[in-house]
Amino acid sequence: MRICIPTETNAGKSAAVYGHFGSAPYFTIMDTGNDSVEVIDNANQHHAHGMCQPMNALMGKKIDAVVTGGMGGRAVQKLNEGGIKVYRAVPGTVADIVSQFTKGGLLELTVENACAQHSCH
């Protein structure tokens, strides 16, 4: 399973999760099958509201899931259309998030429960 987590730094498993997907400085991809980590710079970090292009940043990375502190409905929809499920992160590091994910302890985000105008519920 390849899990993408937006992060504040490029510190791998010890990087803190970033609050909102589209404006994260980095995307950290954790492969739970072989315990490997890949970090991608988010070239689209400074986009206009609603103009996030998540699939562009993750193109060709074979992501199975995204775990994030927040994400708008359109981004959730785009990822779901690409076969990627989205889950709400708990505060912590990449290692903390992956641990919670593998235990089934994270809420799946849908278009209905996604963030609206950068306000998450």
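Quick notes
- Subset of segment 79-101 (residues that are within 19 Å of Val111 (Cα to Cα) and either out of contact with any helix residue (DSSP H, G or I) (no Cβ under 6 Å at 6 or more places or on another chain) or not in a loop (DSSP other than H, G, I, E, B) (or both)): Leu79, Asn80, Glu81, Gly83, Ile84, Lys85, Val86, Tyr87, Arg88
- Contacts under 6 angstrom Cβ, first residue in segment 13-37 being of a type in the set (Asp, Glu), partner buried (at least 17 other Cβ atoms within 10 Å of the Cβ) and not in a loop (DSSP other than H, G, I, E, B), 6 or more apart: Asp31/Arg2
- Taken over segment 2-15, residues that are under 13 Å from Val67 (Cα atoms) and in contact with a helix residue (DSSP H, G or I) (Cβ under 8 Å, 6 or more places away or on another chain) amount to 4.
- Per this entry, Val76 is counted among residues that are at pLDDT below 90, under 12 Å from the mean Cα position of the chain (by Cα), closer than 20 Å to Thr110 by Cβ and outside any loop (DSSP other than H, G, I, E, B).
- Residue within segment 41-61 that is assigned to a loop (DSSP other than H, G, I, E, B), aliphatic (A, V, I, L, M) and at pLDDT 85 or above present: no
- Within segment 5-36, being hydroxyl-bearing (Ser, Thr, Tyr) and surrounded by fewer than 23 Cβ atoms within 10 Å (Cβ to Cβ) holds for Thr9, Ser14, Ser23, Tyr26, Thr32, Ser36.
The values are calculated or read from the model by the stated rules, or taken from the named source; none is laboratory data. Predicted model only: the values in this text are computed from it and were never measured. Virtual Cβ from ideal backbone geometry, glycine too; neighbours counted across all protein chains shown.
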